[in-house]
Amino acid sequence: MHYVPDSQATEPLLNKGLAQPMIAKPEYGTQDPNQSTALDFPMASWTWAKPYKGKRSLPQTIAHRGFKAEHPENTMNAFRGAVEVGAHALETDIHLSKDGVVVLSHDPDLKRCFGKKEKIIDCDWDYLSTLRTVKGPHVPMPRLQDLLEYVAQPGLEHIWLLLDIKLDNNSDDVMRLIAKTLASVDPGQRAWEERVVLGIWAAKFLPLCMQYCPGYPISHIGFSTMYARQFLRVPNVSFNMLQKSLLGPLGARFMRDVRRAHRPLFAWTVNDPNLMKWCIQHNLEGVITDDPKTFKRICDDWDDQREPEAQITWIQCLYTVWIWVMIAVFSRRFRRKFPETVEHLMQQNSLSVKMVEAVEE
């Protein structure tokens, strides 16, 4: 996808109709070039753990909604604060305004962060831009465009973005408008395809990512390793998992299989120093945290030889058991709400490929 000035962007903002799936090949990646699936995605090679100050490779620091521990979440203050303390990447959440502007907010409504009762999808950007966060220093909600323009500045080319694409909005609309926004901002010296990872929760987003953002890497965001396993069938999809889901025998087996498939694995949201150490000792690629400063400090002081193995406390064990019960409950609900599976989509796209080939012949 290439940078396109606003003057050339003519498509309507909101369009509920779903176009035919795009059959495309990514511009780079590690998959077999002879593979014919329409669900090929590139490997985000820049997301692997990095050698740290002459030490072994340690997980990258991924700032959850920016430096959330010290700034209002998902604001430019939080993103700048995270970069200033040395975060490698910025994680943020995607929603749409009523008039099709891609904005950065975790919640679908304005109540918690802005003290208003409306839903974001019911508000125009002109109104949203006037709001200020409840938490000081009372700053505005940014757009994806604002964040892209910030990290496009000289000297910030090394910062990459992990977009959490929320499920609240029409899936076709949100993917199309993300693509439009990416195309409208000049990335500078490093293409957006080489520094933006599209985070998706449900399998139904896979063909939409191929349709609107071919050449962009994908990460499955999830809380259930059982649901996540199906994404191992899709070339180069990475995994961004609830950290508690990685504990215990099921989590250990999932981590083993992810490594065998040579996929990056991140964990969210890790704020306890003991669990940060657990992530390092289990060789994760990235730690998503509200407090990038604390995780960077732990990395600064890390020494495999003298660092005892991180022990999960009894309270953390009990909490993890409760989390697993909740995972089982919500996983069942999630599957009912989003019944599409990777296998079904791959069969569907394989049929589309054959139909296109037949027409071309």
Original post:
Being buried (at least 23 other Cβ atoms within 10 Å of the Cβ) and of a type in the set (Phe, Trp, Tyr), is that true of even one residue in segment 278-287?
Top reply: no
Original post:
Is it the case that segment 216-233 has a residue that's more than 30 Å from ALA328 (Cβ to Cβ), touching a Lys or Arg at 6+ places or on another chain (Cβ under 9 Å) and surrounded by fewer than 22 Cβ atoms within 10 Å (Cβ to Cβ)?
Top reply: no
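Does segment 122-130 contain any residue that is over 23 Å from ALA87 (Cα atoms), among the hydrophobic types (A, V, I, L, M, F, W, C) and in contact with a Lys or Arg (Cβ under 6 Å, 6 or more places away or on another chain)?
Step one: list which residues in segment 122-130 are over 23 Å from ALA87 (Cα atoms), which gives 122-130.
In the following step, the residues that additionally are among the hydrophobic types (A, V, I, L, M, F, W, C) were identified as 123, 125, 128.
From what is left, the residues that are in contact with a Lys or Arg (Cβ under 6 Å, 6 or more places away or on another chain) are 123.
Looking for residues that are over 23 Å from ALA87 (Cα atoms), among the hydrophobic types (A, V, I, L, M, F, W, C) and in contact with a Lys or Arg (Cβ under 6 Å, 6 or more places away or on another chain), one finds at least one in segment 122-130, hence yes.
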Original post:
Which ones in segment 294-351 are surrounded by fewer than 16 Cβ atoms within 10 Å (Cβ to Cβ) and either at positive phi or small (Gly, Ala, Ser) (or both)?
Top reply: ALA328, SER350
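Could you please give the count of residues in segment 76-130 that are of a type in the set (Lys, Arg) and either crowded, with 21+ Cβ neighbours inside 10 Å or under 21 Å from the mean Cα position of the chain (by Cα) (or both)?
Keep residues of segment 76-130 that are of a type in the set (Lys, Arg), which gives 80, 98, 111-112, 116-117, 119.
Then drop every residue that is not either crowded, with 21+ Cβ neighbours inside 10 Å or under 21 Å from the mean Cα position of the chain (by Cα) (or both), which leaves 80.
Residues in segment 76-130 being of a type in the set (Lys, Arg) and either crowded, with 21+ Cβ neighbours inside 10 Å or under 21 Å from the mean Cα position of the chain (by Cα) (or both): 1 in total.
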Original post:
Is it the case that some residue within segment 145-166 is out of contact with any His (no Cβ under 8 Å at 6 or more places or on another chain), over 30 Å from GLU194 (Cβ atoms) and exposed (fewer than 15 other Cβ atoms within 10 Å of the Cβ)?
Top reply: no
**OP:** List the helices (runs of 4 or more DSSP H) that sit entirely inside segment 93-151 and contain at least 3 residues that are farther than 23 Å from ALA63 by Cβ.
**Re:** 125-128
Original post:
If the Cβ limit is 7 Å and pairs must be 6+ apart or interchain, which residue in segment 83-104 that is farther than 26 Å from PRO154 by Cβ pairs with which residue that is modelled with pLDDT under 95 and of a type outside the set (Lys, Arg)?
Top reply: HIS95/ASP168; HIS95/ASN169; LEU96/ASN169; ASP99/LEU13; GLY100/LEU13; GLY100/LEU14
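The values are calculated or read from the model by the stated rules, or taken from the named source; none is laboratory data. Fair warning: this is a prediction, and the values are worked out from it, not measured in the lab. Glycine gets a Cβ as well: all are built from the backbone with ideal geometry, and neighbour counts include every protein chain shown.
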